Amino acid sequence: MKKIITSLSSALLILFASLSLTTVAKSAEFFTIGTGGPTGVYFQTGNAICKMLHKSAISAEHGRKKGTAKAYRCTAPSTGGSNYNIGQIAAGEFQFGVAQSDWQYHAVNGSSKWEGKQFSNLRAVFSVHNEPFQIWARKKAKIKDFAGLKGKVVNIGNPGSGQRGTMEELMKAMGVDNSFFKSTTELTSSEQVKALCDGKIDAFGYSVGFPNGAMEQAATCAAKASPINLTGSEVQGLIDGADYYAQAVIPKGTYTGQKKDATTFGVKATVVTSADVSEELVYLVTKAVMENFDDFKKQHPAFGFLEKKNMIKDGLSAPLHPGAIKYYKEAGLM
Ligand code: GLU
């Protein structure tokens, strides 16, 4: 009899244990934020958002604050960048992504690279830091402006990255194709600095927030690289022709050895999602960032200038997701 009771209770124990395991697994919902290369700012942005969300969730789980009923678990892996992220959101693989304002515009409107693949369900959440489009050149290559890239070895970026797309738009505006360069490479943002420092390439194009550790490395390694000016009527034409571009300056002294301002054009980094993602999740993500704003801003020096009132409108061409609107209205931001 005793034996039966013992085995019965151990069976019950196993049953309860597995039940509680499934309860835990079911109550946590996993979601993904697509970012960029591991040495860029998008990777930090995605992970900062996860951190803010988990922070709010922990407060809720520990009963310190009224919080979320459901536990959301966020991951922000490194990816190929803007257009890759938007594609993954469209495919339902990612729930959020960081993307340049120009690619947000093109995806939702079905223009440029997104022609014939319009993603009308793309939704905006908020914008983040400025991303000047930068061409970094090694000192010995003596490249002063876009014309100086003629006959050089240039990294145009991996397909799927925002900089690859923006570089192609710039080349179109300049009236050149790949044959303008000696050769082109398709290195990712985390590979290109080493290639420049090793003298394997003369320059690379990159849209990224500043200050940025990887660019400081390009400035201080054997290449002694710096960002060139991208100005003139063609660049002005790009800025005048589109709301998602603006003039951008990387002030002198941002990087070691940078004696002059670098004047160029730029975009905004934005956080996007899909109309198919639940109002609750988008609301919670938005709220977690906005209500832990000082902490969020500390997560990267490129966030230093962020202001909530600009983040809910600048660089956003897709409609705001209803979950974000719900929070902005509740917080009196709208
Ligand atoms: N702007 C780049 C892109 O969209 C990524 C920059 C970063 O990783 O910070 O691909």
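Open to solvent by 20 Å² or more (accessible area, probe 1.4 Å), assigned to a loop (DSSP other than H, G, I, E, B), modelled with pLDDT under 95 and of a type in the set (V, I, T): does that describe T79? Give the steps one after another, and end with the answer.
Working: open to solvent by 20 Å² or more (accessible area, probe 1.4 Å): yes; assigned to a loop (DSSP other than H, G, I, E, B): yes; modelled with pLDDT under 95: no; of a type in the set (V, I, T): yes.
So T79 fails the test.
Would you mind finding the one in A246, A302 that is among the small types (G, A, S), on the phi < 0 side of the Ramachandran plot and more than 17 Å from the chain's Cα centre (by Cα)?
Unique residue meeting the criteria: A246.
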> Can you name every residue in the stretch 238-265 that is under 16 Å from N310 (Cα atoms) and in contact with a strand residue (DSSP E or B) (Cβ under 8 Å, 6 or more places away or on another chain)?
Replying inline: Y244, Y245, A246
>> For the stretch 228-237, which positions are open to solvent by less than 30 Å² (accessible area, probe 1.4 Å) and away from the ligand (no atom under 16 Å from the Cβ)?
In response: I228, V235
> Does any residue in the stretch 150-178 that is closer than 19 Å to N130 by Cβ come within less than 7 Å, Cβ to Cβ, of a residue that is open to solvent by 30 Å² or more (accessible area, probe 1.4 Å) and in a loop (DSSP other than H, G, I, E, B) six or more places away or on a different chain, and which pairs are these?
Replying inline: G157/E186
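Okay, residues lined up against (1) of a type in the set (F, W, Y); (2) out of contact with any His (no Cβ under 6 Å at 6 or more places or on another chain); (3) assigned to a strand (DSSP E or B); (4) at pLDDT below 50:
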position	(1), (2), (3), (4)
T6	no, yes, no, yes
A11	no, yes, no, yes
L19	no, yes, no, yes
M52	no, yes, no, no
K55	no, yes, no, no
A60	no, yes, no, no
K65	no, yes, no, no
I86	no, yes, no, no
G97	no, yes, yes, no
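Could you count how many residues in the stretch 296-310 are surrounded by 13 or more Cβ atoms within 10 Å (Cβ to Cβ) and farther than 18 Å from N47 by Cβ?
First, pick out the residues of the stretch 296-310 that are surrounded by 13 or more Cβ atoms within 10 Å (Cβ to Cβ): 296-297, 299-303, 306, 308, 310.
From what's left, farther than 18 Å from N47 by Cβ: 308, 310.
Qualifying residue count for the region: 2.
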> When you scan the stretch 205-221, how many residues do you find that are of a type in the set (S, T, Y) and open to solvent by 40 Å² or more (accessible area, probe 1.4 Å)?
Replying inline: 1
> Failed condition for G232, given (1) free of Cβ contacts under 8 Å to residues at least 60 places away in the same chain; (2) at positive phi, with all others met?
Replying inline: (1)
> Tell me, which residue of the stretch 253-270 that is farther than 16 Å from N212 by Cβ and either more than 12 Å from the ligand (Cβ to nearest atom) or among the aromatic types (F, W, Y) (or both) is least open to solvent (accessible area, probe 1.4 Å)?
Replying inline: F265
>> Being modelled with pLDDT of 95 or more and open to solvent by less than 10 Å² (accessible area, probe 1.4 Å) is the requirement here; does L281 meet it?
In response: yes
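The values are calculated or read from the model by the stated rules, or taken from the named source; none is laboratory data. Because the structure is predicted, anything quoted here is derived from the model rather than measured. Neighbour counts run over all protein chains shown; Cβ positions are idealised from the backbone, glycine included. The area values use the complete protein model at the heavy-atom level, side chains included, leaving out ligands, DNA and RNA. Shrake-Rupley method; radii C 1.70, N 1.55, O 1.52, S 1.80 Å.
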